[in-house]
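Here's the structure we're looking at; comments come further down.
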């Protein structure tokens, strides 16, 4: 049996999308309308380009899921769909203004009838209210159907929820823009603007998917704007579809709390990290399929939501050294600040479960193990992180299942990630760390750790201490340096760690571009031990290399795990 296609793409105009009696529904739990003036302006500028050129204009892709003979769910594209319907309503309101002024009343009434049929929906013969081709989510649809489709102004705009207010403001925005663009247009010109210029010339790629799983896989495969939000919506829609009506409000409250605290865009990443903290490793694009296979009841959903709520706080705290959770614990603040500085994330699932399962003492030791490994493996060694995630996942499951209970046991499981002393010294002896941009803070961290080691227990802080990074061979060296560092080789040495020292700002300014023999007195006057130790007679590539090798030996004892001995 042949595999089903992931998606069925085709190209169509806005009129084509809305024709043939097709209706579209935004899934009930999809996010609210959120476009603002910047988005409306972008769309309006697209329309003006279309008018000027007379050519078809591409408006992006819409992803739809067929759920009936002529009914689709709008999986992606609801903001554009909704906004274009508001634009159509604004044109119709302009034509209605002509009727209210007694201008071509019969002809303009017929035009409104045809435009509504083509872009918005039919009039119900019983209620005489207009039905809709588009149904929004549970929060926005009542206002959209009751007010906007009927062209009824809200009694008090300030009492509207934020998303309904945006809907009304978008309608007003396009109503005003149409008046500016076509100030004296008659009904025929306005109808042509909507039906021909917009309806026939705005082109979309229509992508039909079979189900939520196909949509999720598509979004994870294609990397374009808005993917993370849509993936989150799909997850939410699936989970809420399993909830009994009586429990739905509670589930929504928990979801909102977690999504707000973690951040809606980061929610899929958090969900994956939570999942692999206790279950086998799964790629992001396979996460939705895995969840669907294991979460299939009201009870399962609440268990998942409650655990997500429980773990979200520690997940955020593991990325925020100044979280109230760590208040007063200098060691934890130090280690979590280090891992944030190193830019590693593979450890988060492991540390989430370690925080819950381990004693405080063993958790603190585990933080150090992971931080030191991250420095040796990721920062200095620049090793690939794939193996790291595999090992961390294996350990995380063992911690969750209570088969590991100590930091040493954790280290024994992941010790292949601990770069050997010899390899670490070699890597450290040649590393460059730029003293600008994102790398500057990392360079300061390394220098201050070395300084504190020289002070035999110093506690200078790399973020708060006022020291500056002094380049012994200056970044803009004068000709006096050419003898020892010919200009052609200077770029190879300026940002080497062995060329750095810590120096007071005023001393740094005074000696910045001086020759080495004139810099030395400034180093002697410094309060920083590493500057005082620079007592060489000259400064050349050999001495720089030797100094960095010496720093590498010190670094090996600083970033060290005792279990490895």
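One table, with the values for the structure above:
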read-out	value
Length gained when the stretch residue 34-residue 415 is fully extended (0.36 nm per residue, less Cα-Cα span)	132.3 nm
Rounded to 10°, Cα long-axis angle of helix 421-430 versus longest principal axis of the chain	80
Degrees separating the helix 248-262 axis from the principal Cα axis of the chain, which is the longest one	40
Using alpha carbons only: equivalent-ellipsoid semi-axes of the stretch 423-477, gyration tensor based, whole Å	19, 17, 11
Cα extents of the stretch 351-401 along the three principal axes, largest first (Å)	31, 20, 11
Segments 362-374, 167-179, 455-467 sorted - mean Cβ within 10 Å per residue, highest first	362-374, 167-179, 455-467
Gyration tensor over alpha-carbon atoms, the chain, equivalent ellipsoid semi-axes in Å	60, 32, 20
Per-q log10 I(q)/I(0), the stretch 297-342, q = 0.17, 0.19, 0.29 Å⁻¹ (Debye; single scatterer per alpha-carbon; no solvent)	-0.55, -0.61, -0.95
Degrees separating the helix 227-241 axis from the principal Cα axis of the chain, which is the longest one	70
Helix-only CD estimate at 222 nm, as mean residue ellipticity for the chain, using -39500 (n - 2.57) per DSSP H run (n ≥ 4)	-16000 deg cm²/dmol
Isotropically averaged projected area of the stretch 465-509, using the convex hull of Cα atoms (one quarter of hull area), nm²	3.4
Stokes-Einstein translational diffusion, the stretch 1-105 - Kirkwood Rh over all Cα pairs, 1.306 mPa s, 10 °C, in µm²/s	97
Against the rule of thumb 2.2 N^0.38 Å, how large the Cα Rg of the stretch 426-562 comes out	1.00
Packing-based ranking, highest mean first, of 92-99, 183-190 given that Cβ atoms within 10 Å are counted	92-99, 183-190
Using alpha carbons only: equivalent-ellipsoid semi-axes of the stretch 7-209, gyration tensor based, whole Å	24, 21, 18
Directionally averaged projected area (convex hull, Cα atoms, the stretch 324-419), nm²	5.6
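Every number in this text was worked out from the coordinates using simple rules, so none of it is lab data. Model, not experiment: these values are computed from the prediction. Note: ideal-geometry Cβ built from the backbone for every residue, glycine included; neighbour counts use all protein chains shown.
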